[in-house]
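Heads up, the thing below is written out as structure tokens.
The values are calculated or read from the model by the stated rules, or taken from the named source; none is laboratory data. Just so you know, these numbers come straight off a predicted model, no measurement behind them. Every residue, glycine as well, gets a Cβ built from its backbone with ideal geometry; the counts of neighbours run over all protein chains shown.
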Amino acid sequence: MGIKWREELAIGVEEIDNQHKELLERFDLLLTACKQGKGSEELLYLIDFLDTYVVSHFGDEEKLQRQHNFPDYEKHHLEHEAFIARVKELKDRMYSEGGVHIDHVLDANKMLLDWLLRHVTVKDREIGRYLQKHS
Ligand SMILES: [Fe+2]
């Protein structure tokens, strides 16, 4: 299964859409690496990427929501916080369990798939719809 960007995911703000595209590309890299038996190696790169990504992307997305008085801002922010906590939890487990194990890779896949299906394709698209109506 490959993860590909679809135009219907666009919220209409280039900066945010590019950040979402990048996340999808990173997820696709992890899946490809898994098929080649290199999931553990790729997960280390992915965790590094996510560390920066969650701060910059969520920051940009939330700033946009505040600028446009997006009504679901608080709930959306909590979802971002929950994702940050999941990434941290996974990272902590990798350190405390002495490196990357197969179950960390499986958890990362599940975490990203969940995020894609429940957040990027649902909650983030609501921002796009709101912006279309209100800007
Ligand atoms: Fe979001």
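Which condition breaks for ASP60 when tested against (1) of a type outside the set (Val, Ile, Thr); (2) surrounded by 12 or more Cβ atoms within 10 Å (Cβ to Cβ); (3) more than 11 Å from the ligand (Cβ to nearest atom); (4) over 29 Å from GLN36 (Cα atoms)? All conditions pass for ASP60, except number (3). Exactly one residue out of LEU23, LEU50 is under 15 Å from the mean Cα position of the chain (by Cα), within 16 Å of the ligand (Cβ to nearest atom), modelled with pLDDT of 95 or more and over 27 Å from GLN132 (Cβ atoms): that is LEU50. Does any residue of segment 115-134 turn out to be over 18 Å from the mean Cα position of the chain (by Cα) and over 18 Å from ALA10 (Cβ atoms)? Looking through segment 115-134, none of the residues is over 18 Å from the mean Cα position of the chain (by Cα) and over 18 Å from ALA10 (Cβ atoms). If you filter segment 14-53 down to residues that are surrounded by fewer than 18 Cβ atoms within 10 Å (Cβ to Cβ) and β-branched (Val, Ile, Thr), you find that the one that is nearest to ASP92 (Cα to Cα) is ILE47.
Screening ASP72 on (1) out of contact with any Asp or Glu (no Cβ under 7 Å at 6 or more places or on another chain); (2) farther than 17 Å from ARG86 by Cβ; (3) of a type outside the set (Lys, Arg) shows it passes everything except condition (1).
Checking the structure you have, find out if any residue of segment 80-98 is within 15 Å of HIS20 (Cα to Cα) and buried (at least 17 other Cβ atoms within 10 Å of the Cβ). So far as segment 80-98 goes, yes, one or more of its residues are within 15 Å of HIS20 (Cα to Cα) and buried (at least 17 other Cβ atoms within 10 Å of the Cβ).
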